[in-house]
1. Quick check on my filter: what residues within region A:545-598 are away from chain B (no Cβ under 14 Å), under 30 Å from A:S929 (Cα atoms) and surrounded by fewer than 23 Cβ atoms within 10 Å (Cβ to Cβ)?
2. Please enumerate the residues belonging to region A:824-854 that are among the aliphatic types (A, V, I, L, M) and in contact with a Ser or Thr (Cβ under 8 Å, 6 or more places away or on another chain).
3. Check region A:899-918 and report whether any residue there is crowded, with 21+ Cβ neighbours inside 10 Å and of a type in the set (S, T, Y).
4. Pick from region B:43-52 the residues that are at the interface with chain A (Cβ under 7 Å from one of its Cβ atoms) and not basic (K, R): which of them is surrounded by the most Cβ atoms within 10 Å (Cβ to Cβ)?
5. Being of a type in the set (V, I, T), surrounded by fewer than 23 Cβ atoms within 10 Å (Cβ to Cβ) and in contact with a Leu (Cβ under 8 Å, 6 or more places away or on another chain) narrows it down to one of A:V145, A:V120, so name that one.
6. At the interface with chain B (Cβ under 9 Å from one of its Cβ atoms), surrounded by 16 or more Cβ atoms within 10 Å (Cβ to Cβ) and either over 27 Å from A:K586 (Cα atoms) or without any contact (Cβ under 8 Å) to a residue 24 or more places away in the chain (or both): which single residue out of A:L968, A:L1025 fits that description?
7. Could you pull out the residue among A:G953, A:G994, A:G1005 that is within 30 Å of A:V576 (Cβ to Cβ), at pLDDT 90 or above and either more than 14 Å from every other protein chain (Cβ to nearest Cβ) or under 35 Å from the mean Cα position of the chain (by Cα) (or both)?
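The values are calculated or read from the model by the stated rules, or taken from the named source; none is laboratory data. Owing to the predicted nature of the structure, the values given are computational and were not obtained by experimental measurement. Here Cβ is always computed from backbone atoms with ideal geometry, including for glycine, and neighbour counts include all displayed protein chains.
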Amino acid sequence: MEGSVLVIGGGIAGIQCSLDLTELGYKVFLVERTPSIGGRMAQLDKTFPTNDCSLCILAPKMVEVFRNPNIELLTYHEVKEITGAAGDFTITILKKPRYIDETKCKGCGDCATKCPKIEVPNLFDMNLGKRKSIYIPFPQAVPPVYLIDPKLCLKLTKGVCGVCEKVCEAEAIDYEQKPQDIQLNIGAIVVATGFEMPAEKLSLRWGYQYENVVSALEYERILCASGPFGGHVLRPSDHEEPEKIAFIQCAGSRDLHEGVPYCSSVCCTYTAKEAIITKEHSEKSECYVFRHDIRAYGKNFYEFTQRAQQEYGVKYYQTKISQIREDPETNDLLIHYEDLKTGEFKDFKANLVVLASPLVASRGTNELAEILGIELDQYNFFKERSYFNKLQSSKDGIFLCGFCQGPMDIPETVADASGVASQVATLLNSVKFTQIKEKEFEEPEKEVKTSEESRIGVLICHCGINIGKYVDVPDVVEEIKKLPNVVHCEANLYSCSSDSQERIKEVIKENDLNRFIVASCTPRTHETLFQVTCQEAGLNKYLFEMVNIRDQCSWVHMTEREAATEKSIDLVKMAVAKARLLKPQKEETLNIIPSALVIGGGVAGMSAALNIAEQGFETYLVETENKLGGILNYLNILSPIQEKGSIFLNEIIEKVKKNKNIKIFLESKLENIKGYIGNYDIAVGDKEKVIHDFKVGTIIVATGGKELKPNGLFQYNGKNQNVITQLELEQKLKDQNGAWLKNINRITTILCVNSRQKEGITYCSNICCATAIKNINILKEIKPELEITVLYRDLQMAKKEFEDYYRQRRKDAIFLRYDLTNIPEITRKRGARENYEIKVFDTNLQEEIEFQTDLIILSTPMIPADNLEELAKMLKVPIDKNGFFLEAHVKLRPLDFATDGIFLCGCAQWPKNIQDSISQASGAAGRASRFLSAKQIKTSGLISEVNPDKCIGCGKCVETCPYNAIELLDTKMEFEDLDLNIKQSYINSALCKGCGTCAATCPVGAISVKHYDFDQIGVMIDSYLLEKTKSLEEL
Amino acid sequence: MTKAVSQVEKEDFEPYILVFCCNWCSYAGADLAGVSRFQYPPNVRIIRVMCSGRVDPAFVLRALKNRADGVLISGCHIGDCHYISGNEYTRDRFERLYNIIIKQLGVNEKRVKLEWVSASEGKRFAKVITDFTSEIKELGPLRK
C-alpha cells in the first residue's frame, strides 16, 4: 500500500483536498492540465453571499499548496494511464513541454515584455483579453512560471526570433523540451476536474453569437480589477459603459432542448452577486434579471437575492425568454420574452446581456472516465457509488469531489474535498505518514536583537479595486515612506498572491529588514500567510504586523475617499509604531489527546463518528434522544432514490454500534466542556444523572435541525387533524397503511410556509420542495384518484437529479403560484367532516382561484435544534442570525469554527439533505482528524510572562486567569545580605492562551503579554493621538 | 448667537476616537461590517487585542491624556468570551475605571464606553460606531 495520493484537478476542490491530505499524513501529487492551479474560482471576481474578493481568499491557499513540501505540483500535466487497484495504483502522467525550465524561471516577465507583438485571446480571461506567445495565464498564477505557446511562437514554428532566450537572465528558455511520461505509484486517486461554461454550444436563440452577449463567466472577468478591462464594466463591441444590463437566468439549464436537463444550481445567487457588483461599479447602470424560479438554497443566499433588489435596486422579472436578437446599428440587444406575471409577450432593449448558461462537466471528462475506468451518470458528471456516499466513485480507491460529481457551490465543494481526504485516510490508514517530510525553512532565522535599530518594510495592497478604488493608495505609500525606521514602502495589486510573496522576501533581503508590515485585509484570514513568508525570508513570524485597511477603511467608507485615506495612513502609522517594538517569540509543542467527541447522534453525527473511529481514534458519540438516527427516524421514503430511509438508518446504526472505537451515550447531555484544542475535559450526564468524565482532543458539533411547527398559520392549530406538516405526513406514510386516506379526496400542499419572509424566517430552507414533490407522488401511488394541488412560490430543485425528479412527477398535481403579497386564505367549512375552502391568487394565470380541499400539508422551514445557545456558550462558538452555528468562513472554512479544534456538520450549519449531511460529516471528521493524526500542535507564541523583578506575589493574576495557568510559587529573593523566602507568580506556557487579562489586572505591571505588551499598545495610542492633538494646539 | 456658533462647531468637529476590539468577537464583527459594506463614520481607529480583558485602564487614561475625544472598548458578549471569562474582568474593571478615575479626572463619562459586539453582529458594529461617534460629536472636543 502506498502512502501517496494523486489529485486530478487544481481548482479549489483539488487544492483543499491536497492540503487536507498532507495534514492527514499523505504525500500528494496534484495534477493540473492548465499551466496554473486556481481553477474557476481564480477567474471569479467576487464570491457570494459576502462579496469577498475571490482571488484574495483563494490565493493564500494556492500559495500554501506551492509551499507545501508534501505536495508535488504537476501543472501542465495530464493523466494518461492507470493500472493496479485501490492502495496500489501505477499511473502514467504526460508532462507537456512549457519550453521553459520551471526550476529556473523566476516569473519576472522580461520575456513576455520583449516577445514580438503577436497576440491571441487569453483563455483565463475567457478570450476577452490578449496574451503573447510566451505568457503566464494570470499574474497570480501558481507556479509563477511562464510557458510558450508552440502554435504561436516564431522560434518554434518558423525557427526565427528567439528574443526570449536572449532576454531571460535566468536562462530558463529551452526550445528543445519534448513531451515526457512520468510514472508514479500511489495509493488512491481523487478526481476534482470541475466544470466549464460552454456558452457557444447554446442554440442561436440565446444570442451568444452577438458580441455584446456574454456568458456569466466572461462577465466575471469583465468585472474583475485584474481582468481584460481593468475592472471597468465595458461592453465588448465598443468598449462603452453599458447602461442597461440584462441578466438571463436558466439560459439553457433545465432545458431538454439544450441537452441540459438539470439546474446548474449556482446561477441564481451568482447573478444577484454580479448585479450587485455592477451597481457598485457604476451607480447609473441599471440591472435587470430575467428569472425563472429563484433557487437560492444555501446559507444566506435567498436574503442575498432580496438585498440585490431592495438595497441595490436590481429589478427582477419573472419571465420565459423566446429570443435574443441584435440591433446591427447599435449592437444593442432586443430580448423577446413572455412576462409570466401578466402572460404578455414583450421586448426589452439592453446594452449588454449576461447569460447564466449551463455549467457542464469539463471537457475531457469522458476520456478521463475511460482512463480511470469509472462510470459517468446520465448528465455526464462522474457517478457516485451510492446516494449515501457521493464522494466515492464507482471504483474502489477513486474518489470524487466538487463540481465534477454534480452542480454545487464553493462551500459544498470545500466540504466535499475535506470529506474525500478523510475517506482516503480511512482507506490508507495503515500507511499514514510513510511518505511525508517536515517543512523546513531554507533561510535560517536571523537573530534580531531588541537593541538593534528597526528596519521596517511596508506593503500597501490595492486588493484589485477593493481598496484602491476607495483609498488613495499612492498617497498612503508617500506618507508612510516619510516615517522614521521605514526603510521601504511600496504598493501592490494583490499582496496575497504567490508572486507577491516572492516580492516580500526579495524586499526583506534586499533591504535587510527586521520588521515587516502588510496593510491589506483582515489578519483573521491572511496573517498566517504573510507570517510564513516572513519566516521563509528568515524573519521570526512575530516580527510581522498586519493592518486592515479594507474591512476597516475602503469597505466601510466607500463614499469618503479622503477620510478613508487619512484613516488608512493613521492605521499604518500605528502599526509602524508598534512594529518598532516587536520582538521575536518562540513557540512550544503541545500533545493532542487522540480522541474525539461528536455531539448529536443523527446521520451527520454517526457518519462523522464512524469516519474518525475507522481511522483508529476513540470517539464519543452523545445523543439527547433515546435512540440514534435523529430526523431520519421519522422519514419514510428518501428522494431522489425512492428507497426506505429505515434501510440506510439500520445499516449505519449497526456499523456505529459494532465499531469498538465508538462509545455511545444515549439520553445524555453535555454538562461541561473545559479546555482547549488537543485537551478538552468533557463531562456527560446520562439519564440516571451519572456524570461521565473523559478527555478528547477535538469536538464535532452535529446537533441537526428540526421542523418548524406553524402554530396559528393556515389553520394549523393542534385541533384541526387534517392540517399537518410535511414531517407529520412522512410519519403517517411511514407508520400507517393507506387507510387514513379513505375519506380524503383532495389534498393541498402549501410550500414556503413561514419561510422566505420579509421578517422572521427570511431564508429558503433548501429541502422542502423536493420533499413535497416526493410525497405528492407517494400519495398518488397509494390512492391514484387523489386530486392534489400545490401552492408554491418558486420550486427549489437545484442539484443534478432534482429537476428530472420534479419533471417526472409534476403531472401528479396542479401547480398554482402565489407570492408574498397574495398569501393563500384558508377557512374551515362548517360541519363535522373536516373540509377547507382555499382562496388563492395564481400569479401565473393572474386570476383568483377558489377550491375545496380535505387535507392540507404545510411545508415549513427547518430551524435549528433546541437549546443551541447553551451549547454554543459551553463551546465558545458563535451562532448566526438565523440560529444556526456560524462557521469560520462561509466560503472556504464551512466546517471549521473560528476556534481551533471544534468543527461542525449537517443541519447544525444549515438545512440540507441526507447526502450533503453525510459528505459534510466526512469533511468535518477529516478536518478534526488532521489534529488527531498529527499528535502534536505548536502553541502560539502569544502568551503572557511574569517579570520576577517586579512581581510582588499578590496573587491577583492567579484569581483572574480563566485557564488556571498561573500559580504562586515559593522562591528566594536576595535582598542585600539576606535570602528572603517569597512567593511569585509563574505562568505555565502550555496552559496560557494569551488573553492578557492577567496583565491588565496586575497592579504593578509585572506581567507582559507577548506581542501585545504595555509599550506596544501604548505607542499605538500615542502615534494616533499625539500628532493630531499637536496640530490642534498649533491652531 | 453663541449657541449658533457652537452648533456650527459641532457639525464641523471630527472627533478622534480610539476603539479596542477583541480579536474573536468584536474585531470579527468589524470585519463582517466590512464584508457586508455597512457604512459608518471614519472617525475611529481600531486597536486589536486578543481579549477585551487585555485592555488595561492605563490605556484608556493614556488615550484621554492624549486628548482622544472618545474611547470605546468592545469585546464578546458576557458568557461568549473566547477566553471563558476575560470580558467579565473587563466589565468589572470598567466599572471601577468609570466610577473612580473618570469622575475624578472630570472627563464626561460618556466619552468612555463599553459595548459587546459578537462576530455575527456586523450591522451592530456599524451602529455602535455610528452612535458613539454622534454622541461624541454632540459632546464636542475634549478640552484639558
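1. Residues satisfying the conditions are A:K586, A:E587, A:E588, A:T589, A:L590, A:N591, A:I592, A:I593, A:P594, A:S595.
2. Across region A:824-854, the qualifying residue is only A:I838.
3. Checked region A:899-918: at least one residue is crowded, with 21+ Cβ neighbours inside 10 Å and of a type in the set (S, T, Y).
4. Residue satisfying both the conditions and the ranking: B:C51.
5. A:V120
6. Of the residues listed, the single one that is at the interface with chain B (Cβ under 9 Å from one of its Cβ atoms), surrounded by 16 or more Cβ atoms within 10 Å (Cβ to Cβ) and either over 27 Å from A:K586 (Cα atoms) or without any contact (Cβ under 8 Å) to a residue 24 or more places away in the chain (or both) is A:L1025.
7. Just one listed residue meets the conditions, A:G994.
Residue-by-condition table, conditions (1) within 14 Å of chain B (Cβ to nearest Cβ); (2) out of contact with any strand residue (DSSP E or B) (no Cβ under 8 Å at 6 or more places or on another chain); (3) closer than 24 Å to A:L427 by Cβ:
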residue: A:I37; (1), (2), (3): no, no, no
residue: A:P49; (1), (2), (3): yes, yes, no
residue: A:D52; (1), (2), (3): yes, no, no
residue: A:I57; (1), (2), (3): yes, no, no
residue: A:P60; (1), (2), (3): no, yes, no
residue: A:N70; (1), (2), (3): no, no, yes
